[in-house]
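The values are calculated or read from the model by the stated rules, or taken from the named source; none is laboratory data. A quick note: this is a predicted structure, and the numbers were derived from the prediction, not measured. Here Cβ is always computed from backbone atoms with ideal geometry, including for glycine, and neighbour counts include all displayed protein chains.
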Amino acid sequence: MLPATKGIFDRLTRRGRLMTKRTCDRQGHVLRDGRFLFRTPTAWEYAAAVACGSDPAAQRWLGWQRDSIVARGARADALRVVPGTGPDWESPDPQSIDLVMIDVEANRCVGLVSVHTGEDGGPETGGYLAPDYRGRGNGRVLFAAGLTLAHEHLGLPRVRAGAEVGNVASARSLLAAGLARVAGPPTYRLPDGRETEAWWFQHSVPRTTRCGGPQATWFPASLL
């Protein structure tokens, strides 16, 4: 997944609006796991979510292109976004469904999870957390939300995830969420062009459901 922040921060001065939606509809998805709410973000929430993964420690594994990274001086402003405010937003990637992760108790955006097109053309999930939410078991919640989105909202029987060899924290979180190690291509290419060795994980279910939110219609039937 390749975030795009161009054009977002010049809109942060626009008057926001409170989003009170609690169920999925044509405009987006909503799901809840304990203290965390996952939903289709507003433009401001998306800016905050991208800021959550823009620090050097995260970029070691994520490898975004430079113009997708929120500069250090702008991160603090983005992370102060109040959840539920901001204009409507459309994903910069037409083959990705993204959900912002919101800590309801702290009233802040703390990460992002997506279901998107993987390197084999099939469904893949991935995500990241804000620095102060890492190493606390929240990765399991993040990836579990990705599975819920895939299986219970998008009707996908199989979803895969990749992690760079050596990213033990991500691998542990994927396993804790219920994914299992599987064979896959030995390497994958990050958005910045860096090629890295890969571990692969997969989760499958016998039955799926679809909600009233936007659907991922671009996956070939042979890869589902």
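Odds and ends about this structure:
Residues are listed down the side, and each one gets a yes or a no for (1) of a type outside the set (A, V, I, L, M, F, W, C); (2) at pLDDT below 95; (3) under 18 Å from the mean Cα position of the chain (by Cα):
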| site | (1), (2), (3) |
| --- | --- |
| GLY155 | yes, no, yes |
| ALA171 | no, no, yes |
| ALA176 | no, no, yes |
| ALA180 | no, no, no |
| PRO185 | yes, yes, no |
| ARG194 | yes, yes, no |
| SER204 | yes, no, no |
| THR209 | yes, no, no |
| ALA221 | no, yes, no |
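- Residue check, VAL81 in a loop (DSSP other than H, G, I, E, B), farther than 29 Å from THR196 by Cβ and touching a helix residue (DSSP H, G or I) at 6+ places or on another chain (Cβ under 6 Å): yes
- Contacts under 7 angstrom Cβ, first residue in the stretch 151-164 being closer than 18 Å to PRO220 by Cβ, partner of a type in the set (Gly, Ala, Ser) and part of a strand (DSSP E or B), 6 or more apart: PRO157/SER204; ARG158/SER204
- If you filter the stretch 12-54 down to residues that are among the aliphatic types (A, V, I, L, M) and in contact with a Pro (Cβ under 9 Å, 6 or more places away or on another chain), you find that the one that is modelled with the lowest pLDDT is MET19.
- Residue satisfying condition, being touching a Phe, Trp or Tyr at 6+ places or on another chain (Cβ under 9 Å) and free of Cβ contacts under 8 Å to residues at least 40 places away in the same chain, within set THR148, THR125, THR117: THR125
- Just one residue in the set LEU37, LEU99, LEU112 is touching a residue at least 24 places away in the same chain (Cβ under 8 Å), buried (at least 17 other Cβ atoms within 10 Å of the Cβ), under 26 Å from PRO185 (Cα atoms) and under 14 Å from the mean Cα position of the chain (by Cα); that residue is LEU112.
- Selection count, the stretch 87-96, where residues are over 13 Å from GLY28 (Cβ atoms) and either surrounded by fewer than 17 Cβ atoms within 10 Å (Cβ to Cβ) or among the polar types (S, T, N, Q) (or both): 5
- Tally, over the stretch 165-187, of residues that are buried (at least 20 other Cβ atoms within 10 Å of the Cβ) and either touching a residue at least 40 places away in the same chain (Cβ under 8 Å) or at positive phi (or both): 1
- Among (1) in contact with a Leu (Cβ under 6 Å, 6 or more places away or on another chain); (2) within 23 Å of LEU190 (Cβ to Cβ); (3) crowded, with 18+ Cβ neighbours inside 10 Å; (4) modelled with pLDDT under 95 - the single one GLY84 does not satisfy: (2)
- Note on the stretch 135-218: enclosed strands (runs of 3 or more DSSP E) holding 2 or more residues that are closer than 21 Å to ASP33 by Cβ and in contact with a Leu (Cβ under 9 Å, 6 or more places away or on another chain) are 158-164, 195-204.
- When residues of the stretch 40-75 are limited to those that are of a type in the set (Lys, Arg) and free of Cβ contacts under 8 Å to residues at least 24 places away in the same chain, the one nearest to GLU105 (Cα to Cα): ARG72
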